[in-house]
Amino acid sequence: MIHASLNMKLTGWFQVGWSADFVIGTVKPLRYFGEDLVAFRCKQGKLRIMEAHCKHLGAHLGHGGCVVDDGIACPFHGWVWRPDGRNARIPYQEDAPNRTRQLKVWHVLEKNDSIYLWHDVQGRDPLWEVPDALNDFGDHVQQFKFDPPGVEARSHWPNLHLHPQMLLENIVDPHHFKFTHHTKDSPTVLSEQIGKWEWRAKVGFGRRWAEGRMPADATLNTIIIHWSGMGVSINVEHTPVGVRVVCINSTPVDEDTAEIFATYWISQTEDNPAAYEERLNEAKIALPQDVNIWHNQIFREDPALTASEWPGWRKARTWSKRFNPDATIEQQEWVPPTSPLRQATT
Ligand code: FES
Ligand SMILES: [Fe+2]
């Protein structure tokens with residue numbers, strides 16, 4: 001257990017891979033939230049994720065199962081399961097499928113070249129949708145073209161000892177940039193929009209932002225940090241040479257372990273396409289520095305914060321409670337007592 005006060009059975013969307021990893025007609029075992037799962041992409045292209053163990057005698061469908069039509073056949077005795085989890089066919093019992101047993105089917109969202117799994121202990125349908133990383137963040141992103149992220153633009157970190165809470169708290173932590181990422185100065189927190197399930201902040205780097213000499217809607221030398229629940233973060237960074245969009249997502253595996261998935265989209269620069277690799281490598285420098293902290297960090301339930309840090313942490317910790325499986329309606333409805341969009345100074 002990471003900490004007694006942190007629950008790993010969080011509600012929300014969580015990344016479990018990339019679209020390119022799930023080829024049509026293939027089957028893959030997965031394990032998240034302490035549950036064995038099977039993922040398969042049917043012939044029509046739709047990706048399904050279900051409970052892994054066959055309702056007949058418990059074989060794992062992800063180890064040897066195969067795609068049949070839009071369902072999956074068990075490797076043990078060939079029972080075929082439909083996308084809704086019901087039994088379609090028992091090969092040695094003509095026209096008499098099992099009508100009482102049903103595999104649990106998980107909600108899947110395929111977006112941002114990624115596969116997201118909806119987890120909710122209460123069994124509710126998804127309460128929100130993950131934004132489009134390249135189209136929901138303004139003209140300064142949409143003016144650029146981005147290639148789909150190849151293997152070199154995707155990082156997977158398994159076996160980490162961390163909780164998504166540690167990543168989320170980055171949104172109220174401008175000071176770590178200087179020490180963990182060796183930026184010249186801490187960024188200025190420019191604005192925040194805190195919704196029921198999503199939290200967006202904008203921070204600016206450099207003197208012009210710090211001194212309030214930039215128009216509020218400018219984006220140069222800023223990072224928009226957008227949290228969609230506690231599992232998914234989209235970081236949109238506007239640098240002098242273009243835009244980079246970095247998704248940093250964490251997914252609980254069991255009570256002690258989580259994985260991180262990171263995806264990097266680097267805007268194309270028509271005058272210098274060869275710079276892609278250099279700009280990608282530059283974008284990839286920061287995350288290992290963060291992971292080194294998170295993986296070795298303990299969670300301080302009662303941290304020693306400065307006066308200027310307290311409001312941010314109180315907000316982040318109160319807001320994040322809504323994603324716990326036993327969250328009350330009051331916790332889910334709570335929004336901080338500030339205006340939804342404000343200018344702040346550090
Ligand atoms: S265990 Fe799956 S068909 Fe027998
Ligand atoms: Fe960081």
Quiz prompt | Residue order, fewest to most surrounding Cβ atoms within 10 angstrom, among Tyr264, Tyr92, Tyr276 | solution = Tyr92, Tyr276, Tyr264
Quiz prompt | Positive minus negative residues near Pro303 (Lys, Arg vs Asp, Glu; Cβ under 13 Å) | solution = -2
Quiz item: Given springs between every Cα pair under 10 Å in a Gaussian network model of the chain, which of His295, His77, His176 has the largest fluctuation?
Solution: His77
Exercise. Mind scanning Lys9/Lys145; Lys9/Lys315; Lys9/Lys184; Lys104/Lys315; Lys145/Lys315; Lys145/Lys321 and naming the pairs with a C-alpha gap bigger than 26 Å?
Key: Lys9/Lys145; Lys9/Lys184; Lys104/Lys315; Lys145/Lys315; Lys145/Lys321
Self-check item: Positive-pole candidate from Gly78, Ile2, Gln102, dipole of the chain, charges at beta carbon
Solution: Gln102
Practice problem: Springs between alpha-carbon atoms under 10 Å, Gaussian network over the chain: tell me which of Asp254, Asp120, Asp147 tops the mean-square fluctuations. | Solution: Asp147
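Between rounded, prolate and oblate, where does the stretch 32-76 land on the alpha carbon gyration tensor, with a ≥ b ≥ c its root eigenvalues, rounded for a/c under 1.5, else prolate if a/b exceeds b/c?
Working: a/c = 2.51, a/b = 1.27, b/c = 1.97.
Because a/c hits 1.5 or more and a/b fails to exceed b/c, the stretch 32-76 counts as oblate.
Just need the relative contact order of the chain here, percent rounded to a whole number, with Cα pairs under 8 Å and 6+ apart. Present the calculation step by step, with values, prior to reporting the outcome.
On the way: 683 pairs, mean separation 65.3, N = 346.
Normalised by residue count, the contact order of the chain is 19 percent.
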Quiz item: Using a simple spin-label model with points 7 Å from Cα along the Cα→Cβ vector, what separation in nm is obtained for Arg101 and Ile24?
Solution: 3.2 nm
Quiz item: Okay, which of the stretch 74-102 sit inside 13 Å, backbone N to the point 7 Å along the Cα-Cβ direction of Asp36?
Solution: 75-76
Quiz item: Length gain on complete extension for the stretch His176 to Asp136, per 0.36 nm per residue less the alpha carbon to alpha carbon distance?
Solution: 11.7 nm
Exercise. Tell me what the chain gives for mean residue ellipticity at 222 nm when only DSSP H runs of n ≥ 4 count, each as -39,500 (n - 2.57), the sum divided by the residue total, rounded to 500 deg cm²/dmol.
Key: -4000 deg cm²/dmol
Quiz item: Separation between the Lys184 and Cys66 pseudo-spin-labels, each 7 Å from Cα along Cα→Cβ, expressed in nm?
Solution: 6.2 nm
Quiz item: What is the magnitude of the charge dipole of the chain about its Cα centre, with +1 placed on the Cβ of each Lys and Arg, -1 on the Cβ of each Asp and Glu, and no other charges, expressed in debye to the nearest 20?
Solution: 380 debye
Quiz prompt | Label-point separation, Asn272 to Ala307 (7 Å along Cα→Cβ), nm | solution = 4.6 nm
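Which net charge results when you count Lys and Arg as +1 and Asp and Glu as -1 among the other residues whose beta-carbon is under 10 Å from that of Asp185?
+3
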Exercise. Pull up the cross-link candidates among the aspartates and glutamates for Lys202, meaning alpha carbon to alpha carbon under 13 Å and not fewer than 8 places away within one chain.
Key: Asp173, Glu192, Asp217, Glu237
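Please pull out the direction-averaged projected area of the chain, using the convex hull of its alpha-carbon atoms, in nm² to one decimal place.
19.3 nm²
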Self-check item: Positive-pole candidate from Ile266, Ser308, Pro174, dipole of the stretch 132-333, charges at beta carbon
Solution: Ser308
Self-check item: the stretch 247-326 - Kirkwood radius from inverse mean 1/r over Cα pairs (Å)
Solution: 16.2 Å
Quiz item: Which whole-number percent is the relative contact order of the stretch 86-226 (Cα, under 8 Å, 6+ apart)?
Solution: 11 percent
Quiz item: By the scheme Lys and Arg +1, Asp and Glu -1, what is the net charge of all other residues having a beta-carbon under 10 Å from that of Lys111?
Solution: -4
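Bear in mind these aren't lab numbers, they're just calculated from the coordinates by the rules spelled out. These numbers come from a predicted model, not from an experiment. Note that we place each Cβ from the backbone using ideal geometry, even for glycine, and neighbour counts take in every protein chain shown.
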